[in-house]
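The values are calculated or read from the model by the stated rules, or taken from the named source; none is laboratory data. No experiment lies behind these values; they were computed from the predicted model shown. Please note: Cβ atoms are built from the backbone with ideal geometry, for glycine as well, and neighbour counts cover all protein chains shown.
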């Protein structure tokens with residue numbers, strides 16, 4: 001009996017322990033579950049990103065369950081298929097007749113507008129680059145005004161590696177032509193790294209006749225002594241001078257008014273359809289708006305006996321004068337120079353010199369067929385220079401310095417952006433460069 005009682009006691013004790021352990025286990029599970037609910041989950045960046053992308057793709061997806069996936073694919077594909085672009089320079093030429101200059105301006109016909117349209121149509125640039133040219137680091141070497149042509153203009157920009165000029169030329173009018181292109185350094189800028197520009201001004205030699213002379217354009221022939229006199233006057237412009245009177249809205253104390261002219265000469269005359277012409281050739285670091293046309297205008301005033309050489313010396317001083325501006329028809333950008341770039345990178349084995357000897361034949365053909373004939377034929381037919389001499393220059397007042405009187409109708413449509421507001425080459429640095437070449 002005692003043994004039986006002891007066994008009953010042990011069984012009850014074991015049963016009580018089992019129930020206690022079971023209760024403790026249940027309570028432990030409940031506590032853990034509660035902790036799982038209340039505890040802040042650990043941050044998972046990948047999960048959050050996936051959820052964000054799903055919310056983005058759901059935006060505007062409507063009720064179609066397949067549309068979010070399609071939208072997500074469309075957003076990610078351009079990133080993987082991004083086109084590699086490199087910095088290039090393009091050598092181009094154009095006849096400026098009918099254009100309001102090289103530089104792009106709203107609601108006006110410009111050379112750049114036609115160029116960018118052709119690049120867009122051939123898909124070498126995007127719509128975004130067309131709308132905002134700074135996105136492709138676009139820059140021109142030199143500005144040209146209304147009606148002014150260029151035989152060798154250079155522009156720099158970022159383009160796709162498969163760029164070619166042939167399809168672009170097919171989209172351009174005949175009076176604009178691309179001659180060649182080259183890879184350049186990543187930071188190259190066609191404007192700021194240009195050491196100098198050479199311009200030509202073609203005009204009939206009757207422009208140098210005395211103002212009182214009675215002679216037709218076809219009968220006049222210039223003498224050797226007259227050419228020597230022209231060259232003597234042109235030397236007054238050479239060197240570093242203050243040209244504030246030879247542009248618009250420029251103060252004498254403005255440092256940018258000082259420009260360096262390396263050479264300015266009158267080349268031998270030639271005859272076209274019984275009319276004698278000559279070419280003025282000027283090579284300088286950079287030029288301001290209308291500077292060359294005003295230099296020519298002052299030259300003609302002196303050679304025709306309407307002013308003395310002292311007026312040029314006075315115009316190059318700090319005194320304010322109203323300088324006459326010759327017509328734009330005969331002005332031509334002939335060459336842009338990159339001596340410093342060629343010296344530094346032309347022999348590094350990775351880049352080419354910007355000399356363009358390989359396309360010189362094409363350039364000369366375009367110049368002789370599309371630029372010079374337009375200038376010469378228009379001058380012969382319309383006598384624009386003769387009209388300006390007889391109706392403008394002879395009545396010009398040098399003391400009328402009101403800015404409103406200096407501004408013409410075509411100037412209102414032009415951007416006041418001279419060639420070197422951003423030039424980094426100082427006059428003394430440029431002189432050292434040109435003396436070494």
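A few remarks follow.
- Qualifying residue in the range 177-199 (condition: more than 30 Å from residue 85 (Cα to Cα) and in contact with a helix residue (DSSP H, G or I) (Cβ under 7 Å, 6 or more places away or on another chain)): yes
- Some residue of the range 262-271 being on the phi > 0 side of the Ramachandran plot and either out of contact with any strand residue (DSSP E or B) (no Cβ under 7 Å at 6 or more places or on another chain) or not assigned by TED's automatic domain parsing to the domain that holds residue 219 (or both): no
- Residues in the range 172-196 that are assigned to a strand (DSSP E or B) and within 19 Å of residue 346 (Cβ to Cβ): 6 in all.
- Lone unmet requirement of (1) in a loop (DSSP other than H, G, I, E, B); (2) within 30 Å of residue 88 (Cα to Cα) for residue 262: (1)
Listed here are the residues, each with its yes/no results for (1) in contact (Cβ under 8 Å) with a residue 40 or more places away in the chain; (2) in a helix (DSSP H, G or I).
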| site | (1), (2) |
| --- | --- |
| 288 | yes, no |
| 307 | yes, no |
| 310 | no, yes |
| 313 | yes, yes |
| 329 | yes, no |
| 344 | no, yes |
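- All conditions in (1) farther than 27 Å from residue 90 by Cβ; (2) in contact with a helix residue (DSSP H, G or I) (Cβ under 9 Å, 6 or more places away or on another chain) hold for residue 305, with the sole exception of (2).
- Of 420, 413, all but one fail to be farther than 30 Å from residue 217 by Cα, in contact with a helix residue (DSSP H, G or I) (Cβ under 8 Å, 6 or more places away or on another chain), surrounded by 14 or more Cβ atoms within 10 Å (Cβ to Cβ) and modelled with pLDDT under 80; the exception is 420.
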